[in-house]
Each structure stands twice: as C-alpha cells, then as structure tokens.
C-alpha cells in the first residue's frame, strides 16, 4: 500500500513537469549519483559551476567521473547541466513544464520548495 503513495507521487510529478516518467529517491545527491551511474561516466570529465552544493562534485567522483569547474560569478537560482552529460541539476527549481527532452532532470523536494505554474 505504501508503494502506491510513491507511485502516485511520481506520476503527479511527471505530469506537472511534463516528463515521460519520474523516480523518487531519498535526496538530490543520490538522484545525481544514480543518473550518472545510469548513463555511465567512468573516466569522463564533468564540468559544473564552481558555486554549487558540495555533494555534486562528490557524486561525480563517486560515479567514476572527473570534476571540472567553470567560473560562476553568481549564486545559482535555477538549473544547470552537468556538461557534457544529459543530466541537469535542478535542485533549486521545480516548475510546471520544466522537462527538457532527452535529459535526466533531478531536483529535491524540501518543505520550503516553491511550486510554480
């Protein structure tokens, strides 16, 4: 019965974002890690902004990749790509119709998350 709640949540998130599917995990960090494992990044250099949450480069390294930083003079407010992968870190963003075709978009869902239509 508890799995139906998770399945319903995933279905509603997929509808809201217009994604073909959604998978709930325990954290954005693990969503990034699992996405990188899924696409297979072993040995690949992944470039991310230098102003990001500390777990992002840790997830890249843990998944077998190498980390590169690109200068970012502003604090992140939206989504960014873990270049050159199709993975997008949207930890700070959840909006309707946000899905980008052919990508894996990850976000977290804390109590203070704003839902924007």
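The numbers here are math on the coordinates, done by the rules we state, and not lab data. Just so it is clear, the structure is predicted and the values come from calculations on it, not from any experiment. So basically every Cβ, Gly included, is an ideal-geometry build from the backbone, and we count neighbours across all protein chains shown.
What full-extension length gain, to one decimal in nm, is calculated for residue 103 and residue 27 as 0.36 nm per residue of separation minus the Cα-Cα distance?
25.5 nm
On a full-extension model of 0.36 nm per residue, what is the gain between residue 39 and residue 58, subtracting their alpha-carbon distance, rounded to one decimal in nm?
Gain in length upon complete extension: 5.2 nm.
For residue 74 and residue 7, what is the calculated FRET efficiency with R₀ set at 41 Å and r taken between the beta-carbons, to the nearest 0.05?
0.60
Along the three principal axes, how long is region 30-71 when you take its alpha carbons, biggest first, rounded to the nearest angstrom?
27, 19, 12
Order the peptides 46-52, 64-70, 87-93, 100-106 from the highest to the lowest mean number of other Cβ atoms within 10 Å of their residues.
87-93, 46-52, 100-106, 64-70
Given q = 0.27 Å⁻¹, what are the Debye log10 I(q)/I(0) values for region 26-106, with equal point scatterers placed on the Cα positions and solvent ignored?
Summing over Cα pairs of region 26-106 leads to -1.51.
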